[in-house]
Amino acid sequence: MATTKRMTGDTEIFSGLIRIHVLHHACAEGVFGLGMIKELRRHGYKIGPGTMYPLLHSLEKRGWLRAQDTQIEGRNRKVYFATRAGKKTLEQARSKVKELFEELFEEEGHGHHHNH
């Protein structure tokens with residue numbers, strides 16, 4: 001397994017977005033490593049267990065996620081749910097992402113018009 005160091009430059013810049021994805025799903029329905037890896041692959045992030053599990057642990061350490069042992073398809077899995085602090089962080093991230101989104105795409109529209 002020589003490919004454990006998968007934190008390439010692109011993963012580094014995307015890691016914040018990946019964390020936001022994880023928090024979003026943890027708020028909605030709870031996440032587990034493998035499920036989240038599949039979900040992120042669907043979004044075009046090539047992320048492996050060597051990146052995902054440490055990321056989940058770091059979010060848990062920060063107090064944004066809490067783990068619960070759950071049976072999924074007969075396997076015992078750690079499922080992570082967002083804490084109150086995690087939800088609050090997601091809210092803050094959401095408004096920052098919205099601002100960034102508007103900045104990135106406003107050239108295509110005509111300046112700032114927030115009401116559609």
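Applied to region 10-17, the Karplus parametrisation 6.51 cos²θ - 1.76 cosθ + 1.60 on θ = phi - 60° returns per-residue 3J(HN,Hα) values of 5, 4, 4, 6, 8, 4, x, 5 Hz, with x for Gly and Pro. Judged by the mean number of other Cβ atoms found within 10 Å, the most tightly packed of the peptides 87-95, 68-76 leads the ranking 87-95, 68-76. Loop-resident GluC sites (Glu not before Pro) (DSSP state other than H, G, I, E or B) in region 10-43 with no more than 12 further Cβ atoms inside 10 Å of their Cβ: E29. Along region 21-27 the Karplus relation, 6.51 cos²θ - 1.76 cosθ + 1.60 evaluated at θ = phi - 60°, assigns HN-Hα couplings of 3, 4, 4, 4, 6, 5, 6 Hz to successive residues, with x for each Gly and Pro.
Each of Y53, Y80 has its accessible area taken with a 1.4 Å probe; listed largest first, they run Y53, Y80. The phi-based Karplus calculation (6.51 cos²θ - 1.76 cosθ + 1.60; θ = phi - 60°) puts the 3J(HN,Hα) values of region 60-72 at 5, 4, 6, x, 8, 10, 10, 8, 9, 6, 9, 7, 10 Hz, whole numbers, x for Gly and Pro. Amide H to amide H, with H built 1.01 Å from N, G30 comes under 5 Å of A82, counting only residues 5 or more places away or on other chains.
The values are calculated or read from the model by the stated rules, or taken from the named source; none is laboratory data. As the structure is a prediction and not an experimental result, all values here were calculated from the model. Because the Cβ atoms are built from the backbone with ideal geometry, glycine has one as well, and the counts that use them run over all protein chains shown. Keep in mind that these areas ignore ligands, DNA and RNA; they rest on the heavy atoms of the full protein, side chains included. Shrake-Rupley method; radii C 1.70, N 1.55, O 1.52, S 1.80 Å.
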